[in-house]
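Here the structure is laid out as structure tokens; the discussion comes afterwards.
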Amino acid sequence: MHADATALAPTSRHSAATEAASRRDRRHRRIRKVISYLLLSVGAVVILFPIYIAIVNSLLAPSQIAHQPPPFFPTHPMWSTYPTAWNEGHLGLYLRNSAIMTAIIVVGQVVTAILAAYAFAFLSFPFRKTLFIVFLSTLMIPFEVTLITNLDTVTRLGWYNTFQGLTVPFLATGFGTFLLRQSFLQIPKDLSEAATLDGYGHWRFMTRVAVPLARPAVAAVAVFSFLASWNNYLWPLVVTGDNNNVRTVQIGLKLLANTEVQNINVTLAGTIIAIVPLVILLLVFQKQLVRGLTAGAVK
Amino acid sequence: MATTRCMRLLVSGALTASSLAAVSFGSLGGASAAAAASLPKCSVSALGKATGVVDVDFWESASQANQTTLQALTNTFNSSQSKVHVNLVQQAGYDDTWNKVQAGLTNGQLPDIAQLEDQRTQGVIDSGAFLPVQSCMNASKYSTSDFLTRPLNYWKVNGVQWALPFAVSAPIVFYNKLAFTKAGLNPNNPPLDMSALLLDAKALKASGSGMGLVLDPWHLETWLASANQLFVNNSNGRSARATKGSFNTSIGVQIFSDLKELVTSGDATTNSSTGPDEFDNLLGIGSGKYGMTIETSAALGTVTTLLSQYPNVQLGVGPFPVLNPNIRGGIEPGGSALYISAKSSPAKQAAAWEYDEFLESSSSVATWAAGTGYIPTRKSSTQTAIIQRLWQSDPYYKVAYNQMLNGLNSPGTSGSVIGPYADVRAALLAAEQSMYLSNVSPKAAVSSAESNVNNIISQYNQRLGVS
Amino acid sequence: MTVAVSAGAGREAPAAPRHRSLRSRKKREAALAYLFILPALLIFSVFVFYPFLRNFKLALYENPPYPNLPSHYVGLHQAATVLSSSAFLQSLLSTVLFVLMVVPTGLFLGLALAVAAHRKLQGIAIYRVIFSSTVVSSVAVAALVFGTLMNPVVGLLPWLGINPTPSILQNPTWALPAVALMTVWQFLGLSFIIMSAGLQSVPDDLLEAARIDGASAWTRFWRITVPMLSPTLFFGVVVGTIYAFQSFGQIDILIGPSNAAGVHANVLIYYIYESLQIDNNAGQAAVLSIVLFVITLSLTLVQMRYLERRVTYAR
């Protein structure tokens, strides 16, 4: 562009002016770049600050923590808080429990959503429209509205303090069914026709064609489902009691905070331990995460 | 004898509280015959008939530090005989244990013996979840004469002993002797009554520190007890079910107005008794923010360790400052007691009682108190070597014991029995806070506290179907 | 479904029986469909619809303070008492305030971060990861971390000069905003991701053309970007409101059931939990659950009517 300008410029005065203009432009651009980086860094610092403070405080001795002004760097890091949080806080066990519960829910939701979405997208049957509205209506009923009876039902089934109790109420998702149906509907009709011509039954079509083509939507449902169930606090709180083999990491952290109430450093070490696996997952599955959380945002 | 005491109080006191005269002592006496006849059965012989080892689940909420002592005692019990095996099931706290018991009433997961907080007594009675320990005491002819009167009476309702005291404490004063000296106060004279407390706080504030006041309704009730003022009617709920509050008296107003003065003058800063801030009043002594605070005697061990890390702190301990030295009252106990489940099999109940007897034996009480800092609830346990050693090495442990041993024994000083106790305490706390935050007058605060308390109690009684 | 009519399929039946095979195929298809829908439908029936409907029955019965004692019929009397109680009105107010504090702030900051990160700069990917990171902070972690930051003795606030009495989390004026602050932080990751995705849907050439035409950055933002972002903003408001409404863990950890009502942080969901688990008052909890349902339903309907009308779709 710059070269074109000089080529077109007939007079030397014109080219000098453009020279100055482009130099100013470059300086402006550089200043804007610096400002951009500054703003970005401020944003990053603000976001990371709480976690940074948590890490710092997890390594301080109790007497240092109460010190005012609070120290921003651990000069004599007390690494022992981490093994204490892990062992006495049973965090390894709780992380395992959360992982099991989340895996069951994610698989359950994905499977039931795929099956139902497939039926709504590719099969014709009486009351299809009504049933789909029924599925969508579950989006209008927040979980907390069903809490009382669900607790009662689960208790009567003898599922209190078990993985069944933790997971079964969540094995279906109206939102996931909706998303997957959208995705299935976008598969061109010729493809399904060709598959039928080739003698594909529904099961084969679903597993060999539809689901692979809808993989982004499946991943989206999986991610959304993962985050929701890992983060679930209220239900595990009421449906699990004293059982370290079932207690999830969210409740475990609350328990750790209550028992180590004078050792804030240990509690914070526990929170850092709990967040590390998720950070790793974030770094590995960024793309799927973004897709999962924005499904439905952009038309 | 009761009447003479009443007369002496009325004469010596400068207050006109007529409720003092209404205090009745009869209900704290021996079990009425009618009550004893209608007690559920506790067949201690069921243990002998059981084949094999009887497992007992004990839901307890000892802190990490105290858990070691409890585990050691339990191991001793388990290995000393082969009939009963006790499993410790540690809970997150008093509230958690109670919530689990509630949940257990429907899902069936209940303990055989549980450590329940002081405020749950009426709840235990109303829910029918636990056996009054009086049944087992009668069956095995258990004597409680060695126990300190007020901790024992705390868990006795209408003549029936519902539980034996286990982890008993009372509020005491913790202060920094160096801060006292800096403020021009005698470091060996902690404040013994409310007016001295206010003066000392003022002096501390003037010299750069001040007082940390934890907002705990239990402390408010302790001030009531220190002036022998009933909290709720019907002898604090002991002679009959409580139906309304009784603290809207000049004593109640005095407590509120003294505290309002303390806080709004800036001499004391408040913090909550629950949540992440709950020990800020103690941590503040370490950081120099406070020179004095009132906290449970059960914290003595932790506090001593914590504050020893600060070179500018020399710990001092004093008894709870009574409201008015001219009124004879007593410091009421708080803490928790051991309840035996009504839903367990007779063999398990008998086994739980065996364990209960063991934990309440003189030597166990001594070991427990020495290992945790709780008040030794049996007089004979204070003669044991372990307690004598403790008291010699750290005389501060005697403070809580002495204030529990001494003082008046009456319904007004033995604590209350209320169904919706937690909500009642919350209402009391809210009224106290309204003075500090919204500048409500002490009289109005006490008045609104009492009307809220009355509503809470009547709603509870209505839900229960007894109003 | 298309009927496969092709020679050479090898399994075709002659003309007349084809009718029957068509009907039976349709029947088979319907059976298959019902089979596929059955798992989800079963779960929904047992764990969504039945509990929802049962609330209406539970609301008519008063529960004694202990769950093992029987409840008794009181009709609408209980609903009337609950809905006119000051505790309920305070709870509603707290809920509304909480949502108003969290959603606009969270969306605005998320948009700001998304705009800042919507540039082709070196290393921008790192910033984008950082900005979306709070989406993986679980509620317990975020609550405990912020609880420490706001602790009046060991936290940062006294150093900044913020030292109210009582301390922030016990303060009836500041407890809810403090929890809202923590919730906004946790919501930022999600908000950023949503806003970023929205920004990416705004075509660059449109903005470039406007820039060449002389429109300032401000004008470009308000006249082009924001209208094109309206579906995203709409989605953000819906997601954010649901997120704020379902905030529970942070209140349980930072404030707790014994303090929540006192510090005016007793949002509706927490009040439901307290009624059920702490007070054993299933009847009251059922009344509150119905209120919650009515509110979320109305919100969704309102959002769909009004906001969608304002949304301009770029087609």
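The values are calculated or read from the model by the stated rules, or taken from the named source; none is laboratory data. Every value quoted in this text rests on a predicted model; they were computed, and no experiment measured them. Counting neighbours? That spans all protein chains shown, and the Cβs are built from the backbone with ideal geometry, glycine included. Just the protein is used for accessible areas: all its heavy atoms, side chains included, with ligands, DNA and RNA removed. Shrake-Rupley method; radii C 1.70, N 1.55, O 1.52, S 1.80 Å.
Accessible surface of A:L171, taken over heavy atoms with a 1.4 Å probe and every protein chain present, rounds to 40 Å². Starting from the Cα of A:V34, step 7 Å along the direction of its Cβ; do the same at A:L93; then give the gap between the two resulting points in nm. For A:V34 paired with A:L93, the spin-label model returns 5.7 nm.
Treating the angle as unsigned and between 0 and 90°, give the value, to the nearest 10°, between the Cα long axis of helix B:94-107 and the longest Cα principal axis of chain B. Rounded to the nearest ten degrees, it is 40. Candidates B:I172, B:A370, C:I194 compared by Cα position along the dipole of the protein assembly as shown: farthest toward the positive end lies C:I194, with charges placed on Cβ. For B:K205, the solvent-accessible surface with a 1.4 Å probe is about 90 Å², rounded to the nearest 10. Inter-chain neighbour count for A:262-273: the average number of beta-carbon atoms from partner chains within 10 Å of each residue's beta-carbon is 4. Given +1 at the Cβ of Lys and Arg, -1 at the Cβ of Asp and Glu and no other charges, the dipole of the protein assembly as shown around its Cα centre is 3500 debye to the nearest 20.
Pairwise alpha-carbon distances in the range A:217-294 exceed 18 Å for 52% of all pairs.
Is the shape of the range A:47-119 best called rounded, prolate or oblate, per the rule: a/c under 1.5 gives rounded, else a/b larger than b/c gives prolate, else oblate, with a ≥ b ≥ c the square roots of the Cα gyration tensor eigenvalues?
On the way: a/c = 5.90, a/b = 2.54, b/c = 2.32.
In terms of gyration-tensor shape, prolate.
The alpha-carbon positions of the range C:16-73 define a convex hull whose volume is 117 Å³ per residue.
Equivalent ellipsoid of the protein assembly as shown: semi-axes from √(5λ) of the C-alpha gyration tensor, largest first, are 59, 39, 26 Å.
In this structure, the residue pairs whose Cα-Cα separation is over 26 Å, taken from B:K141/B:K379; A:K254/B:K156; B:K49/B:K343; B:K49/B:K379, are A:K254/B:K156; B:K49/B:K379. For chain B, the relative contact order comes to 26 percent (Cα pairs under 8 Å, sequence separation of at least 6). Say the dipole of the protein assembly as shown comes from +1 at the beta carbon of Lys and Arg and -1 at that of Asp and Glu; which of A:Y37, B:G128, B:H85 then lies farthest toward its positive end? With unit charges placed on the Cβ atoms, the residue in question is A:Y37.
Dividing the summed helix terms, -39500 (n - 2.57) for each DSSP H run of n ≥ 4, by the number of residues in chain B produces a 222 nm estimate of -14000 deg cm²/dmol to the nearest 500. Its Cα centre serving as origin, chain A has a Cβ charge dipole (Lys and Arg +1, Asp and Glu -1) of approximately 1200 debye. Most mobile of A:V276, A:V34, A:V239 per a Gaussian network model of chain A (Cα springs, under 10 Å)? Top of the fluctuation ranking is A:V34.
In the neighborhood of A:V223, defined by Cβ-to-Cβ distances under 13 Å, what is the net charge if each Lys or Arg adds +1 and each Asp or Glu adds -1? List each step's numbers first, then the result.
Details: positive: A:R215, A:K287, A:R291; negative: none.
Taking every other residue near A:V223 into account, the sum is +3.
Can you give the calculated 222 nm mean residue ellipticity of chain C, where each DSSP H run of n ≥ 4 adds -39,500 (n - 2.57) and the sum is split over every residue, rounded to the nearest 500 deg cm²/dmol? Value at 222 nm, helices only, nearest 500: -20000 deg cm²/dmol.
Take each residue in B:428-434, count the other chain C-beta atoms within 10 Å of its C-beta, and the mean is 2. Contact order normalised by length for the range C:128-260, with contacts defined as Cα pairs under 8 Å and 6 or more residues apart; what percent is it? It rounds to 35 percent for the range C:128-260. Just to verify a number: FRET efficiency for C:S45 and C:F108, C-beta to C-beta distance, R0 = 60 Å, to 0.05? Efficiency computed from Cβ-Cβ geometry: 0.90. Computed as a quarter of the hull surface, the mean projected area of the alpha carbon convex hull for the range A:102-200 stands at 8.2 nm². Both numbers refer to the Cα atoms of chain B; Rg and Dmax are 22.0, 70 Å. When you work out D = kT/(6 pi eta Rh) for the range C:81-313 at 10 °C and 1.306 mPa s, using the Kirkwood radius from C-alpha pairs as Rh and the Stokes-Einstein form, the result is 81 µm²/s.
Find the relative contact order for chain A and round it to a whole percent, using C-alpha pairs within less than 8 Å whose residues are 6+ positions apart. Walk me through the intermediate numbers first.
Working: 260 pairs, mean separation 87.2, N = 299.
Answer for chain A is 29 percent.
First select every other residue whose beta carbon is under 10 angstrom from the beta carbon of A:F120; then total the charges, Lys and Arg +1, Asp and Glu -1.
+3
Calculated mean residue ellipticity, 222 nm, chain A: -22500 deg cm²/dmol, from DSSP H runs (n ≥ 4) at -39500 (n - 2.57) each, averaged per residue and rounded to 500.
Taking every residue in B:64-72 and counting other chain Cβ atoms within 10 Å of its Cβ, the average works out to 1. With both labels modelled 7 Å from their Cα along Cα-to-Cβ, the A:V45 to C:S84 distance reads 5.7 nm. Each residue was assigned an accessible area with a 1.4 Å probe, and for B:E117 the value is about 40 Å².
Percent of Cα pairs in chain A per distance bin of 5 Å, from zero to the largest separation: 1, 5, 8, 10, 11, 10, 10, 9, 8, 7, 6, 5, 4, 3, 2, 1, 0, 0, 0. Applying 1/(1 + (r/R0)^6) with R0 = 25 Å to the Cβ-Cβ distance of B:Q459 and A:S137 gives a FRET efficiency near 0.10.
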